[in-house]
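A quick write-up on the structure given underneath.
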Amino acid sequence: MAQGKHMELVDAAMADVDEEAVKTAVNVALCCIQHERDMRPSMQNVVDMLQGRVAVNHPAEARRPSSSAVNLSEPHLISQHGAIDMHGG
C-alpha cells in the first residue's frame, strides 16, 4: 500500500483511530493474502503480529491476490467493528 494511504481505509465516523494500529492491520492483511500458502503466516502469528508480540514480516516477494480476495486498491472501509465495508459506505 502506498505510503500515507492507510488511513483512507478507516471509516470517517470512527474517532481517535491509532494510525500505527491501522498500518499494522493492513500490513498483516497483506501478508495473509499471499498466493503461495507457505508465504502466509499462521493464525497464531497473525494474532501475535496484531498484538505487537512479533514484528510484521513482509513476504520476500509480494504477489497479487487471487480474484476472490479483497482488492486493496479499491476504496473499502474498515468499520468500527473491524469489518471491511465492501460497498464503501
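None of the figures in this text is laboratory data; all of them are computed from the coordinates on show. All values derive from a computational prediction rather than experimental measurement. Positions of Cβ are backbone-derived with ideal geometry, glycine not excepted, and every protein chain shown enters the neighbour counts.
Details
- Modelled label positions at LEU50 and GLU20, each set 7 Å beyond Cα in the direction of Cβ, lie 1.9 nm from each other.
- Going by neighbour counts of Cβ atoms within 10 Å, the residues ARG37, ARG53 line up, fewest first, as ARG37, ARG53.
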